[in-house]
Amino acid sequence: MRKNLLKLIAVLGCLAVAITSLPFGAFADNEAPAADLQAQSNAPLVLQSDDDELTPYKNYLAQFSSAKQATTDVYIDGAAGVFVPSNSKESTAEAKNNYAVKVKAKDETRNVLDWVGGYGSVKYTVDVPEDALYNFYIEFLPPEVGVNVELGILFDGQTEYLFDGAESMEFSRDWVNVPTVDGKKWREDANGNQIAPEQQLTGELVERRATDDTGVAVEPYLFYLTKGTHEITLVGLGHNVVISKIGFTAPEQTISYKEYFDQSKLTENAEAADIVIQGEDAAVKNDNSLIPKTNNGSNDMIPVDPYLTLINNIGGTSWQSVGQKIEWNFTVENAGYYQFSARYKQSDVVNGESWRWLKIDGKTPFTEAKSLNFSYDTQWQNYVFGEKDGKKVTPYYIWLEAGEHTISLEVTLNELADAYDRLFNIVEAIGDMYLQIVMITSETPDVNRSYELFRQIPTFTETLENASKDLKALVKDIQESTGARGSQYIAAMNNMDRVINQMLDAPFIAHIYVSDYYSNYTTLSSWLSEMKKLPVTIDEMRFTPAGGKADYKKSNIFQNFGYEAVRLYSSFVNDYTLYNEEDGEEALKLWVNWGRDQTMALNSLVQDSFVKEKGINVNLQIVSCSLINGLLANNFPDVQLYLSRTAPVNYGMRGALLDLTQFDDYKEVLKQFNEGADIPYWYNGALYAIPDSQGFMCMFYRTDVFEDLGLSVPNTWEEFLYCATIIQRYNMDVYVPYTQITTATTVDAGIGGLHLYPTMLMQNNLPIYNEEGNATNINNVRAIQVFEEWTEMYTDYGYQKQADFYNRLRNGSMPLGIAGYSTYFTIYSAAPEIDGRWAIANVPGTLDPETGEINRATAGSGSGAGIVKASSHHEEAWEFLKWWTSAEIQTRYSNNVESILGLLGRSTPSNVEAFNNLGWDPADLEALNEQWSHVQEVPEVPGSYYTTRAVDQAYWSVINDGINAKDAINKWSLVADNEIKRKIEEYS
Amino acid sequence: MSNSKSISKLRRKDAFLEQLPLVGMLSPFLIFFLLFTIIPIFSSIALSFTSYDLLSTPKFLGIGNYERMFVFDDVFGIVVKNTLVFAIIAGPIGFLLAFVLAWFVNEFSPAVRTVLSFMFYTPSLVGGGLFIWQVLFSGDAYGYLNSMLLSVGLITDPITWLKTPQYLMPIVIIVQLWQSMGVSFLSNISGLQNIGDELYEAGAIDGIRSRWQELRFITLPQMKNMLLFSAVMQIQSSFSVSSIAIELAGFPSTQYAVDTIVSHMADMATVRFEYGYASAIAVILFIMMAGTRMLIGKVLSLIGK
């Protein structure tokens, strides 16, 4: 009896377990049908990167390993070129003889080709003297605005580039400091602190050779040419340029230091003084971010002052990219051998070296000078460069004749180049494999499924095995050549190797390692871009005569202590907020809440340009409280810049801001902006601010993923939805922006920049507010339809409501998305590994069924600048506003901040001319301008923040609670209308 | 008789003079308290009868603001409900937590006690550190909670935790409790430290048999003042929950699900420029908090009886 009972219990227990495990089975079942569909639909894809079609430079050069290097040069006049216009883009190239140019401050003439527009191609015929490897040489006048000139080169009528670098050779330009207006060495603020100078082009002819801007090829590119006549085609990439001369030159030959150094000529001269070159006295630089900097952290800096920040060094993290070169001038009195040393700081490449290529008068003295090593230390070092033998260093002696000389130091990868190249290829292969895996498993694979990746992706095993092998070899080589260096990165490579081997060892369950694989891949690709950064900060350099000792300033412990004590005291007495001396009634007061870098840039612009020209004094201060507080306390500025979107109307209708229509020339001023950019700042016929920045959205996409999926860029929303379904079928996503409302965004951005709803309304010719501006227009039938379409993207199509688009675009799991155009800066500067594999396009439009036209209107966002009504300097403030929003000043300000902070410091000016002057790639500039031409602004009414809120609440009630779109909109639009009505009543 | 009168007058004068140095020492605090706490309360009450937007002079409205608050403003009803939910749930729980945790922590040796109390106290200091909760509850598929649930298979789509009303209230309560181990927690610990051992010994002699009895008859009565202080702090913080909600859930939160009286007030003042109405809300909040404080005081005086 008991046995039967036990048996019964056992059977029931098994049944219970079976039944409860069914739901888990059901989950699996839900996935299976989709997978079958997918397996049937398309065969798994093998991703190809763009550069598969072009030979890597390494392979090209390997073909000519036995060829000799040229010994003679050959040049052709720029004017001798024959222009072949492009089919699609406007461009002209005119030959001009005896064109006036400046060379080293002397006036000369050249026969040039003036290439305007930069598209199409120019053909030259050249007579090559011998079979050999040549460098490509060009002498040109770069354009005043925009980025470095890029040209492609083709030979003898071929349409295929010889190697990947030949498709777009980049030529840097020469930059110098803008001279100060008052004759002092550097610009100063009211306290005497020195301010870094702006950079300008020299305006003179620039000579360059084609080099590898990735740094993998350390020497300039070598082109193999046979003896005889050849046709050279320069392919234009959209850059204006005036070509004076092109040519093929003999590559520089260097001798080793042993051969260079002649012991017999060495005469000791211990008494003679050092030749001192201050780092900040750089004459010419080839990048406008190489600006001299201040550092008063140590008493040994020259010059230094405990109370003031003085300019005393150059470099740092802005001098870290391959190819950046700084050149200094110096004079030698007595010819002879000199030791070369520098006082520098390299505290970034931990336990490693930063490399520099030394040239005297444009020539490398000896082979070892190509790789001067600046070793790591947390402190400043005084280092004499020489041959290293363990710990002992025998100094190099450089022969200098008497007279004027130049010395230049250029960032070079040296022995890192090979490691970088190999790692780049490995990371690229791993990244492509990751995308293929994600297309099958999505980013969070179901651990209970057996995807059998090795069957679904034909190249799976092979790619991973090769990657593992390459990683092991690379780790071994790095450890052999550098010893301790690279240990942090060796760990990353070893980890990647481990994960790959885990996946290879367990092929049936390889997918459980996907997230580990991904995190190691991102570590490696971040290190890839970090690896190439070789910063050095130089305070001064010395040429010490043979036998002498470099006489660097070295403070003892008491001097250091004294210096620090005075600095501590100075921190109490220095006024850090005051930038100008001008007190009293006459000065215009200006408050900003920016960082010091931006404020100093603005201040120097104000002093140099506004104060000098208009004679109106300006008092600039960093103040972090709002205008309202200032008005209450009766201590307020006269002008306010970058007022957030809703602020001008809100403050203006309450009488805090001045109506700008009282100035006669306001219409002229408004012409410099995009049409309609001023709409948000009008209320009741009064203009309360003029736009100073404007942003808009555009579409970003991964060109390589699109190519492999066979997609074309969508122009309408239907096409966009179609692209998205294909993308989603491969377990990837699209990004349609939605920004969470916080205090800042509700008041600041205005509704245009938050999400796509206003854009879609505009594309259907539906304004957000009614004609009178006293109620919203979002509850009419067609507007509700648009709202439904918009929310369906999230409910029916399942697009992500929140995502980090920059990261997802970078790793490829969101190959299509719409975001503000300033995302461009982030992707451009912080995602170098996908360089060339992404692009921007216009936001999709709505097809009007009757006219057949696509309406591409897009909503904008931005800020304005206004005048405080209670100020007593209306006229002067208006002059300031006009000056601030002018093209020249907006360009200079943005460039100045960008040279200090990098690309991410670029502003988004609303002045159209200033925008076009900034450093854009021609293709990107065209796309952005195209998008900008469709931008329309949403007007602001009292209580407009409630519209944003109402749309938001309606959106969430539809998404979260599944409420019918009509009901949601009807309810919330009433709320918004009430608020608007109340506000208007209050203020009419 | 006149003698005694003048003697008592003298005594009063002496007493007064004796107290003068004490008043002098308190005066800095008193002045600031008066200027920045007492006077603003009265000016707030005064402003609550006007309509004021900071940039123009106040317009007298009578009881218009209160009328609007109770009759027209439906958001006010929601926020009062939310605030009471916080006060009723998070307040007592926080209060109990502060005491219970202090009691447990008190059991350990001094070294361990220091470490533990540090661990519990620091969340109340890291006001800006709320972003870690934002990452945990991020609506992104890579947010910690979402990715954990997705990889286990419990959900198939990432949930936007901080935008869904039904999840918002529990989340904000949890974060509020996490941050509420503040001054009251520390004062409870110090209060528990101060109960002399001899009381426990005496209690053991008198026949106390269990920890519960010890707690009820010795610990709690000794802690009465501390508990009152702790209760006041907890009430005050639970009524003024707003920065957590704003940081996490947005401003305003979806369907006002976690907006409290304070955030509604902030909204009215800073966003909508209606300082008169905001002052009226502040007055109502003041009355609510003062009333609750008196209630708690009455309840706590019953302890030990």
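Rule-based calculations on the coordinates, nothing more; no lab input. Keep in mind the model is a prediction, meaning the values are calculated, not measured. Here the Cβ is made from the backbone with ideal geometry for all residues, glycine too, and neighbour counts use every protein chain on show.
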Quiz item: Can you tell me the Rg and Dmax of the protein assembly as shown, counting just the alpha carbons, in angstroms?
Solution: 36.6, 137
Quiz item: Going by how many other Cβ atoms sit within 10 Å of their own, how do B:Met223, B:Met181, B:Met25 line up, fewest first?
Solution: B:Met25, B:Met181, B:Met223
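Taking only complete DSSP H runs, can you tell me which helices of chain B stretch 24 Å or more along their own long axis by Cα positions and average at least 1.0 on the Kyte-Doolittle scale? Kindly include the intermediate steps, with their values, before the conclusion.
Working: long enough: B:2-33 (43 Å, 0.27); B:275-300 (37 Å, 1.53).
For chain B, where a helix must reach 24 Å along its axis and average at least 1.0, the hits are B:275-300.
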Exercise. Starting with the highest mean, order A:386-393, B:231-238, A:337-344 by the number of other Cβ atoms within 10 Å, averaged over the residues of each peptide.
Key: A:337-344, B:231-238, A:386-393
Quiz item: Each residue of the stretch A:877-893 in turn: what ³J(HN,Hα) in whole Hz from Karplus with 6.51, -1.76, 1.60 and θ = phi - 60°, glycine and Pro shown as x?
Solution: 5, 5, 4, 5, 4, 4, 5, 5, 8, 6, 4, 4, 6, 4, 5, 4, 4
Quiz prompt | Phi-based couplings in Hz for the stretch A:397-412 (Karplus 6.51, -1.76, 1.60; Gly and Pro marked x) | solution = 10, 10, 7, 10, 7, 6, x, 8, 9, 10, 10, 10, 10, 10, 5, 9
Quiz item: Once the Cβ-Cβ distance between B:Lys9 and B:Ile31 is put in as r, and R0 is 30 Å, what FRET efficiency do you end up with, to the nearest 0.05?
Solution: 0.50
Self-check item: Built amide H within the under 5 Å cut-off of A:Asp174, gap 5+
Solution: A:Thr202
Quiz item: Tell me which lysines have Cα within less than 26 Å of A:Lys472's Cα, excluding those fewer than 8 residues away on the same chain?
Solution: A:Lys58, A:Lys532, A:Lys533
Exercise. Beta carbons within 10 angstrom, averaged per residue: use that to sort the peptides A:709-715, A:347-353, B:158-164, highest first.
Key: B:158-164, A:347-353, A:709-715
Exercise. State the answer as a single residue: which of A:Ser121, A:Ala166, A:Gln199 lies farthest towards the positive end of the charge dipole of the stretch A:103-225, with beta carbon charges of +1 for Lys and Arg and -1 for Asp and Glu, about the Cα centre.
Key: A:Gln199
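Can you compute the charge dipole magnitude of chain B about its Cα centre, using +1 on each Lys and Arg Cβ and -1 on each Asp and Glu Cβ, nothing else charged? Give it in debye, rounded to the nearest 20.
Numbers: 18 positive and 18 negative charges, 235 e Å.
It comes to approximately 1120 debye.
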Practice problem: Arrange A:Cys723, A:Cys625 by Cβ neighbour counts within 10 Å, fewest through most, would you? | Solution: A:Cys625, A:Cys723
Self-check item: Charge dipole (the protein assembly as shown, unit charges on Cβ, about Cα centre) - positive-most of A:Ser604, A:Ala80, A:Val736
Solution: A:Val736
Practice problem: Sort out for me the Cα centre separation of the stretch A:898-929 from the stretch A:341-368, rounded to whole Å. | Solution: 33
Quiz item: Shape of the stretch A:75-200 from its Cα gyration tensor (a ≥ b ≥ c, root eigenvalues): rounded if a/c is under 1.5, otherwise prolate when a/b > b/c, or oblate?
Solution: prolate
Practice problem: Check cross-link reach from A:Lys612 to the lysines: straight Cα distance under 20 Å, and skip same-chain residues fewer than eight apart. | Solution: A:Lys184, A:Lys185, A:Lys589, A:Lys882
Exercise. Project the alpha carbons of the stretch B:72-300 onto their principal axes and report the range along each, largest first, in whole Å.
Key: 63, 50, 26
Practice problem: Starting from the Cα of A:Glu586, step 7 Å toward the Cβ, then list every residue of the stretch A:184-221 with an amide N under 19 Å from that point. | Solution: A:190-191
Quiz item: Quick one: Cα centre-to-centre distance for the stretch A:235-294 and the stretch A:932-985, in angstrom?
Solution: 63
Quiz item: In whole Å, what is the distance between the alpha-carbon centres of the stretch A:595-667 and the stretch A:695-742?
Solution: 40
Quiz item: Listing A:His230, A:His755, B:His264 from the residue with the fewest other Cβ atoms within 10 Å to the one with the most, what is the order?
Solution: A:His230, A:His755, B:His264
Quiz prompt | Estimated vicinal HN-Hα couplings, Hz - the stretch A:708-723 in sequence order (Karplus 6.51, -1.76, 1.60; Gly, Pro = x) | solution = 6, 8, x, 9, 10, 4, x, 9, 10, 5, 4, 5, 4, 4, 5, 3
Quiz prompt | Choice from B:Gly153, B:Gly191, B:Gly291 with maximal GNM fluctuation in chain B (Cα, 10 Å cutoff) | solution = B:Gly153
Practice problem: Can you spot the lysines whose alpha carbon is less than 21 Å from A:Lys392's alpha carbon? Ignore those fewer than 8 places along the same chain. | Solution: A:Lys258, A:Lys345, A:Lys370, A:Lys549
